[in-house]
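This report concerns only the one structure given below.
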């Protein structure tokens, strides 16, 4: 195709600036000495303040715990579902996964809240880590299925058949032949599941209890209160952390496709 | 029949029933029940919650959500089209595509905070403008409809770029060359060839942006302040502060119905995904 012209390139530069500069500005001001929007020199004050902030550190620990737990479950369940759907599609399962991708977060959140409150009539439990983890598993499975299924599209069915002709059981063929082929996609899917879990605010804030405050919830309440240079530092760490994970995930998927 | 397949699908069925089907059924039931004295729900069954959707006050909020989403969608698609064209023509497609997708995966909350940082009265834009002497008093950039639309465009631009890119990339480049050879200026070639041939992508990206905009909660909550209440905020409010679960449930159903209708129209696109 013809190379992009000069005006188109200029436009693209502006568009990329629009997408990325706001976050870069946060990063720049996170190392600013002043607490106001004037540059007063380099300083790591706000990073030190971030590590000294107990709310932030505790909620970050909660977030990590929730993300790890929900990633493990979502990746295992989602990868298994993708494999099953590849063997034979199921309109109902695909429909349900698709629904969970397109339902507005706020609706997912309130329906899970209503569901948990209803369950609590019969079971003596309260909102907490477990409800948050269950919610996260539920909404991140669809991402895992999409990524793993994409990799299975290029997979040669006869490989498993060959293994079974040579006497492998169905499960042994899956474990020995298909699973190694899927490994990069499963890793990529796990990274994405981790990212969507650690990032979620809307659903989490509705189903979290008093002991399960997550990092996005603390970030939200700090942002609501307004000016806070510590938040610039937190944002920078989160954006770079998640950015690295996503790039890594893309790499894994690209390597799988080659 | 594959035994293994059934076993592998079992946990996701369990989860789908427990966290999608049953919660949906509960919300559906609540939407037709009465509000309880202490925030729960009570019998008798009623259609009152749905009638309230047409109250002047709530109707205005629904209408506002629709038009704000519509403006954001149009802006998104218009801004995304040249970008998608650029990516499709550039020799390093994957890099440029990743640069579009990357911000989408990095914390929505923080990206909204970045705009609060820029748009506040004491934010970067106002500080710079005051420092250069262009303005004396800070401009009211934050907490209005404009800020919400900006936040939505910023958040969902990647959604708009992907389907447009997928469509444009498949087009035969010779078509534009042919148009040029026949004497069409670039603008005419764009309007008469590129746009009509990209109609499918434009349609898909519009719906992909409009649906999440309609259900947005965080953007209007953080950038819109107390004045810009959209459906999402209204739903959240019914389930928290107002404790009117039946009405919140009816609102959720209305939102789902609107999103469902739009996605139904675009269902061809959706099925490519899963």
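Might you let me know whether the range B:18-36 holds any residue that is within 26 Å of the chain's Cα centre (by Cα), in contact (Cβ under 8 Å) with a residue 24 or more places away in the chain and not in a helix (DSSP H, G or I)?
The answer is yes; a qualifying residue exists.
Each row is one residue, and each column tells you yes or no for (1) outside any helix (DSSP H, G or I); (2) over 30 Å from residue A:216 (Cα atoms); (3) within 8 Å of chain A (Cβ to nearest Cβ).
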| position | (1), (2), (3) |
| --- | --- |
| B:213 | no, no, no |
| B:226 | yes, no, no |
| B:229 | yes, no, no |
| B:232 | no, no, yes |
| B:261 | no, yes, no |
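Here are some residues: B:87, B:26. Which one is at the interface with chain A (Cβ under 9 Å from one of its Cβ atoms) and within 30 Å of residue B:193 (Cα to Cα)?
One residue alone meets the criteria, B:87.
Has the range B:101-124 got at least one residue that is surrounded by fewer than 19 Cβ atoms within 10 Å (Cβ to Cβ), more than 7 Å from chain A (Cβ to nearest Cβ) and over 30 Å from residue A:246 (Cα atoms)?
Checked the range B:101-124: at least one residue is surrounded by fewer than 19 Cβ atoms within 10 Å (Cβ to Cβ), more than 7 Å from chain A (Cβ to nearest Cβ) and over 30 Å from residue A:246 (Cα atoms).
Take the range B:125-150 and flag every residue that is more than 21 Å from the chain's Cα centre (by Cα) and either in a helix (DSSP H, G or I) or facing another protein chain (nearest Cβ under 10 Å) (or both). So that I can check it myself, show each step before the final result.
Step one: filter the range B:125-150 for residues more than 21 Å from the chain's Cα centre (by Cα), giving B:125-141.
Residues satisfying the conditions are B:125, B:126, B:127, B:128, B:129, B:130, B:131.
Quick check: is even one residue across the range B:154-163 assigned to a helix (DSSP H, G or I), away from chain A (no Cβ under 14 Å) and in contact (Cβ under 8 Å) with a residue 24 or more places away in the chain?
Of the residues in the range B:154-163, the ones assigned to a helix (DSSP H, G or I) are B:154-163.
If we keep only those that are away from chain A (no Cβ under 14 Å) too, we end up with B:163.
With in contact (Cβ under 8 Å) with a residue 24 or more places away in the chain added as a condition, the list becomes B:163.
Scanning the range B:154-163 turns up at least one residue that is assigned to a helix (DSSP H, G or I), away from chain A (no Cβ under 14 Å) and in contact (Cβ under 8 Å) with a residue 24 or more places away in the chain.
The conditions are (1) under 20 Å from the mean Cα position of the chain (by Cα); (2) within 10 Å of chain B (Cβ to nearest Cβ), and residue A:66 fails exactly one of them. Which is it?
Tallying (1) under 20 Å from the mean Cα position of the chain (by Cα); (2) within 10 Å of chain B (Cβ to nearest Cβ), residue A:66 fails exactly one: (2).
Looking at the range A:183-206, can you tell me whether even one residue there is over 21 Å from the mean Cα position of the chain (by Cα) and more than 10 Å from chain B (Cβ to nearest Cβ)? Don't jump to the end; show me each part of the working.
Restricting attention to the range A:183-206, the residues satisfying the condition of being over 21 Å from the mean Cα position of the chain (by Cα) are none.
The answer is no, given that none of the residues of the range A:183-206 is over 21 Å from the mean Cα position of the chain (by Cα) and more than 10 Å from chain B (Cβ to nearest Cβ).
Take residue B:264 and tell me if it is within 28 Å of residue A:104 (Cα to Cα) and surrounded by fewer than 16 Cβ atoms within 10 Å (Cβ to Cβ).
Yes.
What number of residues within the range B:47-77 are in contact (Cβ under 8 Å) with a residue 24 or more places away in the chain and not in a helix (DSSP H, G or I)?
Within the range B:47-77, residues that are in contact (Cβ under 8 Å) with a residue 24 or more places away in the chain and not in a helix (DSSP H, G or I) number 1.
Of these, A:49, A:82, A:67, which one is farther than 30 Å from residue B:117 by Cα and surrounded by 15 or more Cβ atoms within 10 Å (Cβ to Cβ)? I'd like the intermediate steps shown before the answer.
Values: A:49 fails: farther than 30 Å from residue B:117 by Cα; A:67 fails: farther than 30 Å from residue B:117 by Cα.
Just a single option satisfies the conditions, and that option is A:82.
Those residues that are over 15 Å from the mean Cα position of the chain (by Cα), crowded, with 22+ Cβ neighbours inside 10 Å and under 15 Å from residue A:68 (Cα atoms), I need them from the range A:121-168; list them, please.
If the condition is that a residue be over 15 Å from the mean Cα position of the chain (by Cα), crowded, with 22+ Cβ neighbours inside 10 Å and under 15 Å from residue A:68 (Cα atoms), then A:131 is the only one that fits.
State whether one or more residues within the range B:31-49 are facing chain A (nearest Cβ under 9 Å) and out of contact with any strand residue (DSSP E or B) (no Cβ under 8 Å at 6 or more places or on another chain).
Yes; the residues of the range B:31-49 include at least one that is facing chain A (nearest Cβ under 9 Å) and out of contact with any strand residue (DSSP E or B) (no Cβ under 8 Å at 6 or more places or on another chain).
Tell me, please, whether a residue that is in a helix (DSSP H, G or I), more than 8 Å from every other protein chain (Cβ to nearest Cβ) and touching a strand residue (DSSP E or B) at 6+ places or on another chain (Cβ under 8 Å) can be found in the range B:236-256.
yes
How many residues are at pLDDT 85 or above and facing chain A (nearest Cβ under 8 Å) when one looks only at the range B:90-100?
Counting residues in the range B:90-100 that are at pLDDT 85 or above and facing chain A (nearest Cβ under 8 Å) gives 6.
The values are calculated or read from the model by the stated rules, or taken from the named source; none is laboratory data. Because the structure is a prediction, the values reported are computed rather than measured. Every residue, glycine among them, receives a Cβ derived from its backbone with ideal geometry; neighbour counts consider all protein chains shown.
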